[in-house]
Amino acid sequence: MHVLLCICHKAVIMIPVAETLFNELVAKLNEIATEKEIIARSGKSVVLITEVLANLRNLIKRQGFQDMEEEIHFYKFIKPKFHALYIYHATLFNIESDKPIGSRKTRRRYFHNELRRIDNFFYHHLELYKYYRSGKTHLDKEYFVRGQSFKEETIDIVTPVIDREFCTPQSINLAVLLAFEQVKEYLQNSMLEIETPVTPMIAVQQQAITWTDTKAGLIELAYALHAVGALNNGKATLKQTMEFLQTNFHVDLGNTSRTFQSILARKKGDTAYLDRLKSALLKRIEEFPND
């Protein structure tokens with residue numbers, strides 16, 4: 001990260017430098033986010049964040065903090081964001097790498113067990129979570145200043161092994177809580193997709209049926225099918241609807257959101273393809289004999 005190359009004086013204020021470093025990290029992670037395969041995406045993200053954390057550690061070791069107030073702010077609001085990104089992507093990498101290929105029941109149980117593990121961590125760190133979310137400050141010196149001795153009731157597996165020149169135990173636990181909030185949402189969405197799968201089309205002939213009309217037309221049709229709840233009694237998500245059509249019509253729709261934005265921007269109407277389908281159907285009906 002180039003921001004580190006510009007640091008050469010002891011008087012540098014840590015907070016804005018760290019914030020800049022974090023923003024640069026997020027920008028690079030957004031580039032990696034274009035990777036479709038989640039295991040590859042998470043793996044690349046972990047490698048990047050590990051490098052940035054090493055740079056951040058060197059920055060702390062070299063520059064230090066102006067005062068205790070700055071140190072508390074860093075370990076309460078800045079440092080946990082870096083570690084939370086690492087924990088989030090590392091956890092997703094492990095979840096997807098270990099995910100069973102078995103039945104819906106097997107996969108549901110797997111995600112449920114992962115959710116229980118997260119809930120268990122929240123249960124054991126509920127006081128810290130409430131302290132942080134409520135904006136309290138009376139324990140800041142104990143929680144977010146390095147070198148503080150820990151009390152017997154706070155002993156856990158994190159405390160003995162962390163780098164005390166770079167972390168405080170509670171800043172690490174806070175990072176895990178922040179990351180697990182996002183992981184929990186990911187797991188809940190994964191379970192929802194298991195509960196509402198799109199039923200695959202049953203093949204009725206050997207030759208594959210492919211979509212030969214415009215991709216914009218199929219995307220417009222997908223949005224219409226989702227809008228009326230045509231699949232799985234309305235429980236199929238838009239993403240599932242798109243994937244169903246792509247799989248069964250053997251077509252790659254690319255960036256569907258961008259295409260739909262162009263559909264909305266049409267001057268001649270937002271439902272050109274559906275209007276065309278309606279006209280063709282009405283014409284076909286008129287051509288049927290009346291007897």
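Just so it is clear, none of the values below were taken in a lab; they were calculated from the coordinates. Source: prediction; values computed, not measured. Note that we place each Cβ from the backbone using ideal geometry, even for glycine, and neighbour counts take in every protein chain shown.
Values as computed for the structure displayed
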{"item": "Positive minus negative residues near His73 (Lys, Arg vs Asp, Glu; Cβ under 13 Å)", "result": "-2"}
{"item": "Local electrostatic count, Gln240, Cβ distance below 15 Å [Lys/Arg +1, Asp/Glu -1]", "result": "0"}
{"item": "Burial ordering of Phe166, Phe249, fewest other beta-carbon atoms within 10 Å first", "result": "Phe249, Phe166"}
{"item": "Residue exposure sequence - Tyr123, Tyr273, Tyr143 - by fewest surrounding Cβ within 10 Å", "result": "Tyr123, Tyr273, Tyr143"}
{"item": "Radius 14 Å from Cβ of Ile101, net charge of other residues (Lys, Arg +1; Asp, Glu -1)", "result": "+4"}
{"item": "From the C-alpha gyration tensor of the range 2-195, square roots of 5λ in Å", "result": "32, 22, 13"}
{"item": "Relative exposure of His138, His226, judged by other C-beta atoms within 10 Å (fewest first)", "result": "His138, His226"}
